[in-house]
1. Would you be able to tell me the number of residues in segment 560-582 that are open to solvent by less than 40 Å² (accessible area, probe 1.4 Å) and assigned to a helix (DSSP H, G or I)?
2. Among the residues of segment 324-343, count how many are modelled with pLDDT of 85 or more and among the acidic types (Asp, Glu).
3. Looking at segment 662-678 only, could you name the residues that are small (Gly, Ala, Ser) and open to solvent by 10 Å² or more (accessible area, probe 1.4 Å)?
4. Would you mind finding the one in Glu723, Glu835 that is open to solvent by 10 Å² or more (accessible area, probe 1.4 Å), modelled with pLDDT of 95 or more and touching a helix residue (DSSP H, G or I) at 6+ places or on another chain (Cβ under 9 Å)?
5. When you go through (1) of a type in the set (A, V, I, L, M); (2) open to solvent by less than 30 Å² (accessible area, probe 1.4 Å); (3) at pLDDT below 95 one by one for Ala436, which number turns out not to apply?
6. Arg516 - would you say it is open to solvent by 60 Å² or more (accessible area, probe 1.4 Å), free of Cβ contacts under 8 Å to residues at least 60 places away in the same chain and either under 26 Å from Arg607 (Cβ atoms) or not aromatic (Phe, Trp, Tyr) (or both)?
7. For the structure I just gave you, tell me whether Ser751 is in contact (Cβ under 8 Å) with a residue 60 or more places away in the chain and of a type in the set (Ser, Thr, Tyr).
Amino acid sequence: MTRLAPLLCVLLLASPAGALPLPLAEPATLGRPAITVSLEISASADEVTIRARAGAREASASVRAPGIDDATVEAVEVAPGHHVAIVRASGASRAAALVAVRGGVPVIPWSARTDHHGDPGERLAGRVEVADRTGDGRPNVIVGLVREGATICGQQETLLSPRAWDPGRATLRPVVLTRLGDGEELALVARSDSPGPSSDPLVRVLRPTGASSTWGQPDDAPDAFAPPAALFDGRPDTYWAEGRGGPGAHEFVTATYAARLRVRAFAVVLSPAADAARTLGRPRRFWLVGDRGPRLRVEVPDGVAAPPGGRLWVVPPEPLSWSCVSLVLDEARAPDGTSPAAVHTAVAELEAFTDLDWGEGVEVLVAMLVEGGARGDEAAHLLGSLGTSAITAIGAAWERLDLRGQLRAVRAVASATQRGGEGGVPLLERAARADADEVARAATEALGGLGADAGEALSRLVVGPRGDVAVAPLLRHSAELAVPALLAAIVSDGGSERPALREGLAQAVGGREAARAALARWIEQAPPAPARAAAALGLASRADTRELAAPILRGLAPEATRFEDRWRLVRGAALLGADPEIDAWLATLARDADEWMLRAAAMGALRRRDAPSRAAVARALLADRYPRVRVAAIETLDALDADDEGIAARARRDSWPMVRAAAVTALFDRPAGREAVRRAVDDRSPRVRHAAIGALTRGGVREALPLVTARLEDRDEWPRVTEQALRWVEELCVEEAGEAVLTVLRRGARSEAWAPDVDLAALAGDLAMRLGGATAREAETIARRGGTPELVRAAIERRARDPRPCRPRAAERQALPARGRGVVASRGFRPTPREER
């Protein structure tokens, strides 16, 4: 490769004056000996195409560049009598191409899109540069590309993979560009003795952004210019090696700084601590380039060496306030016995040591935390690695932090505490009591991942007004700590009303013997009844603690007088197996409790426990004064297939629709209840009528045709009842109901129909098509009429394309799968209170 002088060039980025619209045809005299080449430039929506013709010889190239509108052609004399042409196309994007002649034949050795494109932070752009690089008064043509991030610090952009047109060989060949122009620089000598720090930097502030080349990655590979993480990972056994070979002169790596911290020293590991060190070149001279002030030209004398993996230090005379740094190679040493041209030059590590490594600079990071913005997260990350000093500084600045700043600070304090920092737990407990819920929750969660002192803090927090948030983090600590804390919280004011505490208690106890012993000691102390009732309900909710709940229930049930306590005991009892003592208490409660909720819940608990007394209690409760208790009794007797007459009597005579509906639902397949179900189809309550038709559907009662068709033909029927009647026809495939189904269809197919009628008509139209025959033909006629709502027409047409005739379904004992409330009920149509009563 040839090294060229410092780059003083004109970048061909914008459309030059005189650009002509496409398509464009231009003649050009190119090559030596010169021939006339016809250049044709055309564009489609997504690409531009350049063709070069000379007689029967042709070359072409296409570049994906959308929105190209115009182009220019410029002839450049690169040697006496030897011209090449540069085509530049522009519009919504930009592209360029180099056209030349080789052996009397036109060639296009390079073409590229020249505006930045690709993913943000990794966008690429081709470049063609024209400048006198040899001093002979004639321009050189250089092509290459630029990439975001792969730019020498302080430069707007840096040309990568440069190639120059060689007129003698009529080809593009790689060249080495002197990427650093004239500028102020300081000459420094690398040293092996540390200027102060004795270990790794406290924080690794360098973040790689790109490299000019990488060994093993061709220029067209996706990762050719990617950030070389190996150079900044703190591992001397990994390395970055330039991809050009030899000394790698002017190849570079660039990194940005994660924080506005002054750099006191750089450390470089020039020889990897790996076998590869024997085959890699080692820099003997390089630059460190920042975005302000003089660059550092670093010499590694022959007498200064470090073992493989060892650091060499570069110490500037004054701390540097750079925002980025580039390591640019210059000269290198090849391993003994190896030709310099046969190696690649490598660097294993580049580190920046900041004020933090000299015990200063924490205030800068805290100031970034206070300021917020994009760098606040990075400041929090760095502070988290600094331990006690960061915790102290964050605590002093806490009140100056906004909401996002406090959230970042919580993360930083938690991380610093995990690294051994002191004072973090009290600060997090303070944050957990903050007014902002987000901050309080984040701090509480952070305490769940720290040591025993954090568990003690959570034990205090779980009692407070936001204590429920502390339960899950507390459970991440030992059960010996969590169980007493949760029990104390349950005893505290309002603690028995908090489900999170009782559920957390059961989870903490589990099968742990030490936790069970702590629970037993607590029960022996006879804590207040509300606390015991809450604990019993929590323990009953888990299979592995259920046996612990029964003794608490037996001991507490006789003395519990508050509604809340008895309610929780009943709910807990429902989760346990039958037990004579508790069953007797539940039976008494079901018959005699003043509160209907307790009576109904006790009945339900007896049913779930399979208590032997449940049938007798249910028969007695059929006459309870409150309807929901009677419903609970009916459900119990239904599950037992018991007392048909008693349920039938409720279906016929109960004054409450909910009770009559429950009774009808229970009677659907019982001979003693058939008449009650049929009569319920004409009940005064739509809720009961709906339940009755559902029972007839589940029972497969086709003989109910007159009753169901009457509901379909009643224009004043509640929409949900009509929908249930259509379902009866569909499930039993009652073709004789076709005319009644058409009645529903016609009612909603009118242009001025009520919206619920339109919804029902869509269902009826679909059903009519499934019934087939004359019913289906009439439905299709209705669909073709003018004024038929689109919803109805679409339903009929959709079923016409996919007929799926209905099939009769046999009666089933179990309830049909829920189909939801359908399109009618979804609009919120419910019976009025008057209808219900």
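1. Kept after step one, since they are open to solvent by less than 40 Å² (accessible area, probe 1.4 Å), are these residues of segment 560-582: 560, 565, 568-570, 572-574, 576, 579, 582.
Adding the requirement that they be assigned to a helix (DSSP H, G or I) leaves 565, 568-570, 572-573, 582.
Of the residues in segment 560-582, 7 are open to solvent by less than 40 Å² (accessible area, probe 1.4 Å) and assigned to a helix (DSSP H, G or I).
2. Residues meeting the conditions: 2.
3. Keep residues of segment 662-678 that are small (Gly, Ala, Ser), which gives 662-663, 666, 672-673, 676.
Those that are small (Gly, Ala, Ser) and open to solvent by 10 Å² or more (accessible area, probe 1.4 Å): Ala662, Ala672.
4. Numbers: Glu835 fails: modelled with pLDDT of 95 or more.
Only one candidate qualifies: Glu723.
5. The number of the failed condition is (2).
6. Numbers: open to solvent by 60 Å² or more (accessible area, probe 1.4 Å): no; free of Cβ contacts under 8 Å to residues at least 60 places away in the same chain: yes; either under 26 Å from Arg607 (Cβ atoms) or not aromatic (Phe, Trp, Tyr) (or both): yes.
The answer is no for Arg516.
7. Details: in contact (Cβ under 8 Å) with a residue 60 or more places away in the chain: no; of a type in the set (Ser, Thr, Tyr): yes.
It is false that Ser751 is in contact (Cβ under 8 Å) with a residue 60 or more places away in the chain and of a type in the set (Ser, Thr, Tyr).
For (1) in a helix (DSSP H, G or I); (2) within 16 Å of Glu497 (Cα to Cα); (3) of a type outside the set (Lys, Arg), each residue gets a yes or a no:
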position: Ala520; (1), (2), (3): yes, no, yes
position: Ile523; (1), (2), (3): yes, no, yes
position: Arg532; (1), (2), (3): yes, yes, no
position: Leu539; (1), (2), (3): yes, yes, yes
position: Arg546; (1), (2), (3): yes, no, no
position: Leu553; (1), (2), (3): yes, no, yes
position: Pro558; (1), (2), (3): yes, no, yes
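The values are calculated or read from the model by the stated rules, or taken from the named source; none is laboratory data. Fair warning: this is a prediction, and the values are worked out from it, not measured in the lab. Here Cβ is always computed from backbone atoms with ideal geometry, including for glycine, and neighbour counts include all displayed protein chains. Calculation scope for accessible area: heavy atoms of the full protein, side chains included, ligands and nucleic acids excluded. Shrake-Rupley method; radii C 1.70, N 1.55, O 1.52, S 1.80 Å.
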